[in-house]
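The values are calculated or read from the model by the stated rules, or taken from the named source; none is laboratory data. Values in this document were obtained by computation on a predicted structure and should not be read as measured data. Cβ placement follows ideal geometry from the backbone for every residue including glycine, while neighbour counts extend to all protein chains displayed.
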Amino acid sequence: MKLTLAEKVIKNHLISGEMIPGREIGIRIDQTLTQDSTGTMAYLQFEAMGIDRVKTKLSVAYIDHNMLQSGPENADDHLYIKTVAKKHGIYFSKPGNGICHQLHLERFSVPGDTLLGSDSHTPTCGGAGMLAMGAGGLDVAVAMAGGEYNIVMPAIVNVELKGRLKKFASAKDVILEVLKHFTVKGGVNKIFEYTGDGVKSLSVPERGTIANMGAELGATASIFPSDERTLEFLKAQGREMDFVELSADEGAVYAEKITIDLDRLEPNIALPHSPDAVVPVSRVRGKKITQVAIGSCTNSSYVDLMKVANILDGRRVHENVSLVVSPGSRQVLSMLARNGALAKIIASGARILECGCGPCIGMGQAPSTNGVSLRTFNRNFKGRCGTESAQVYLVSPEVAAFSAIKGYIAGREDFDENVDLNIEMPEEFLVNDNMIISPAVNYKDIEVIRGPNIKPFPKNKSLEDITGGKVLIKVGDDVTTDAIMPSNAKLLPYRSNIPYLSEFCFSLIDKDFPQRAKENGGGVILAGKNYGQGSSREHAALAPLYLGVKAVIAKSFARIHKGNLINNGIIPLTFVNEEDYEGIDLMDEIIIYDPLSQLKNDIVTVENKTKNKTFKTRPELSERAVEILKAGGLLNFMAGVAK
């Protein structure tokens with residue numbers, strides 16, 4: 001049987017199930033990564049399992065999200081992660097070393113291996129031929145403990161790339177083109193596999209940009225072949241021994257296929273407030289801007305910022321524009337400083353930020369009221385930047401740099417043909433891993449230090465004979481995890497304190513939700529399509545759990561968030577008839593009788609007691625997921641299995 005590349009990797013790691021799209025499979029995980037926004041909870045959950053040392057080939061804890069120290073909370077959490085990593089066999093990347101995805105691609109990516117990360121943009125390493133997937137922190141904790149990762153076997157989509165990108169077109173434009181075609185809902189339970197002669201023209205960091213934003217499709221993963229460009233990259237990183245050649249079999253069969261002609265691709269732009277609201281940049285050329293932000297795990301590589309340096313060289317940032325640049329890693333920053341490119345960027349009037357996520361997650365650099373911000377990031381959800389009234393656009397580093405000079409969104413008429421954008425990949429990257437701390441050999445002597453802000457995480461109880469409650473909130477389509485549990489600069493320091501965080505659950509949509517949930521002893525959430533898109537942050541399930549939410553009934557779910565709900569014992573149900581959504585109002589009483597039996601069926605009948613009506617829903621759950629819900633969550637389930 002001819003196999004796609006993704007199928008080959010899955011087959012080599014398959015522990016349970018069959019590789020039939022739509023069926024549940026369990027796969028072995030080689031590597032894990034966490035970051036500090038989600039890592040604290042993941043390690044608390046790992047500790048609760050009572051495992052001395054991680055069972056993976058490699059696990060790395062990165063500090064890259066919460067580096068603003070306006071109080072002791074972030075520093076305390078970093079110390080906890082550092083000591084728990086030291087004790088349990090996990091490598092620790094210190095703050096300032098860089099963004100987890102950029103760093104992992106540089107220093108730890110291994111073609112053909114599996115990677116599970118507690119961050120939705122973990123698929124970045126698909127650019128190096130890894131099967132890299134984002135997940136909730138509890139799934140990552142289970143993987144570190146040696147457990148399999150259970151997913152629905154994805155359908156494999158072939159994205160054939162032909163030709164070669166023209167000057168001023170970039171890898172960012174490729175993935176924006178894919179998003180325009182498939183939308184933010186179109187990749188759920190799919191893997192996007194890139195093939196074609198155009199792939200050979202893309203470097204590993206460029207491939208990483210495309211794989212990174214595959215997360216915005218809702219995809220399980222994106223993957224590129226491991227070829228001579230992969231070898232070139234790994235050799236330059238001093239990791240030639242990690243290379244293995246990998247590609248799909250000739251004649252492999254894909255569920256879907258699209259072809260993108262790179263020769264014809266023009267610069268794209270994603271309009272506010274969704275990564276799939278993509279049009280040619282020429283459509284909005286001339287719109288005045290107030291801010292430009294270059295960086296994030298999507299576009300902060302050495303080549304990206306060398307192009308930016310050459311565009312800015314000898315030019316001045318427009319007087320009405322604030323330009324900030326955040327290199328993706330200390331490696332990138334050091335190389336820019338050594339070859340003079342950093343001086344060019346600074347001389348233009350740009351501000352250099354720390355190597356970290358920063359503005360991409362709303363941690364600093366919020367735009368002005370009604371500001372227009374042009375960003376090379378991966379998400380532009382409303383309010384994510386920290387300013388609710390701001391308009392955020394997503395573009396390539398090239399468009400961002402020219403726009404910063406012009407003071408408006410630049411198009412081809414504004415690009416300088418004399419600027420050298422033909423940046424060669426270095427034959428040798430500057431490698432200095434002294435900010436990566438190895439785990440202890442004598443780990444039993446290590447004391448794990450917990451700050452006062454770290455509170456016990458909420459745990460559910462086993463499923464009862466009757467469940468449900470009042471409809472506590474009714475939301476529309478494409479509700480993000482940021483909207484469910486805001487993650488701004490004020491709240492991120494409290495990611496280890498679910499009782500405190502829960503007071504702000506749904507505060508961007510309905511500030512009365514927490515109080516309503518408490519007054520009614522919990523209840524049910526009603527939602528539209530693609531509920532829980534965006535970040536893998538399981539706080540969007542933990543806070544509702546703490547407030548007593550029993551079930552979420554939606555038109556459809558984002559993959560990772562649905563998994564997080566199941567892992568925490570919250571029942572996810574989808575409408576059989578979407579029209580039933582319209583007939584349910586806030587504070588209607590929703591009852592699910594005998595969920596223990598009903599969840600095993602294809603249909604779960606739900607009663608709207610207030611309206612004296614019933615409606616049908618689909619659980620769409622594997623046998624294992626049903627057992628997890630019965631137990632009241634994955635930790636309870638594992639404890640029962642261990643007995």
When residues of the stretch 36-50 are limited to those that are of a type in the set (Gly, Ala, Ser) and touching a residue at least 24 places away in the same chain (Cβ under 8 Å), the one farthest from Ser93 (Cα to Cα): Ala48
Matching option when the condition is of a type in the set (Ser, Thr, Tyr), buried (at least 22 other Cβ atoms within 10 Å of the Cβ) and out of contact with any Cys (no Cβ under 9 Å at 6 or more places or on another chain), among Ser403, Ser389: Ser403
Residue in the stretch 301-317 that is of a type in the set (A, V, I, L, M, F, W, C) and closer than 22 Å to Asp36 by Cα present: no
Qualifying residue in the stretch 609-626 (condition: in a strand (DSSP E or B) and touching a residue at least 60 places away in the same chain (Cβ under 8 Å)): yes
Enumeration of residues in the stretch 31-57 that are surrounded by fewer than 24 Cβ atoms within 10 Å (Cβ to Cβ) and under 18 Å from Tyr494 (Cβ atoms): Leu44
Number of positions in the stretch 413-437 that are outside any loop (DSSP other than H, G, I, E, B) and either in the same structural domain as Ala401 (by TED's automatic domain parsing) or over 13 Å from Val84 (Cα atoms) (or both): 3
Yes/no for Leu14 being under 30 Å from Val159 (Cβ atoms), among the hydrophobic types (A, V, I, L, M, F, W, C) and buried (at least 24 other Cβ atoms within 10 Å of the Cβ): no
Hey, Ile311 over 21 Å from Met363 (Cβ atoms) and in the same structural domain as Glu106 (by TED's automatic domain parsing) or not: no
Search result, residues across the stretch 196-226 that are touching a residue at least 60 places away in the same chain (Cβ under 8 Å) and either of a type in the set (S, T, N, Q) or assigned to a loop (DSSP other than H, G, I, E, B) (or both): Gly196, Ser201, Ser203, Thr209, Asn212, Gly218, Thr220, Ser222, Phe224, Pro225, Ser226
The one condition in (1) more than 28 Å from Pro458 (Cα to Cα); (2) of a type in the set (Lys, Arg); (3) touching a residue at least 24 places away in the same chain (Cβ under 8 Å) that Lys562 fails to fulfil: (1)
Residue within the stretch 548-565 that is of a type in the set (S, T, N, Q) and farther than 27 Å from Asn378 by Cα present: no
Members of the stretch 615-632 that are crowded, with 20+ Cβ neighbours inside 10 Å, out of contact with any helix residue (DSSP H, G or I) (no Cβ under 7 Å at 6 or more places or on another chain) and farther than 19 Å from Ile151 by Cβ: Thr617, Gly632
So Ser93, is it under 25 Å from Ile352 (Cα atoms), touching a Leu at 6+ places or on another chain (Cβ under 8 Å), buried (at least 24 other Cβ atoms within 10 Å of the Cβ) and touching a residue at least 24 places away in the same chain (Cβ under 8 Å): yes
Residue list for the stretch 268-291, filter: within 22 Å of the chain's Cα centre (by Cα) and assigned to a strand (DSSP E or B): Asn268, Ile269, Ala270, Val278
Residue in the stretch 233-253 that is of a type outside the set (Ser, Thr, Tyr), under 19 Å from the mean Cα position of the chain (by Cα) and closer than 27 Å to Gly328 by Cα present: no
Which listed residue, of Ala143, Ala85, Ala75, Ala128, is more than 12 Å from Ala221 (Cα to Cα), of a type in the set (Gly, Ala, Ser), out of contact with any helix residue (DSSP H, G or I) (no Cβ under 9 Å at 6 or more places or on another chain) and buried (at least 22 other Cβ atoms within 10 Å of the Cβ): Ala143
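Okay, residues lined up against (1) in a loop (DSSP other than H, G, I, E, B); (2) in contact with a Pro (Cβ under 6 Å, 6 or more places away or on another chain); (3) assigned by TED's automatic domain parsing to the domain that holds Gly214:
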site: His318; (1), (2), (3): yes, no, no
site: Leu333; (1), (2), (3): no, yes, no
site: Ala343; (1), (2), (3): no, no, no
site: Ile346; (1), (2), (3): no, no, no
site: Gln365; (1), (2), (3): yes, yes, no
site: Ser368; (1), (2), (3): yes, no, no
Criterion: closer than 25 Å to Arg316 by Cα and part of a loop (DSSP other than H, G, I, E, B) - qualifying residue of Ala440, Ala410, Ala401: Ala410
Exclusive hit being at pLDDT 95 or above and assigned by TED's automatic domain parsing to the domain that holds Asn567, set Ile473, Ile409: Ile473
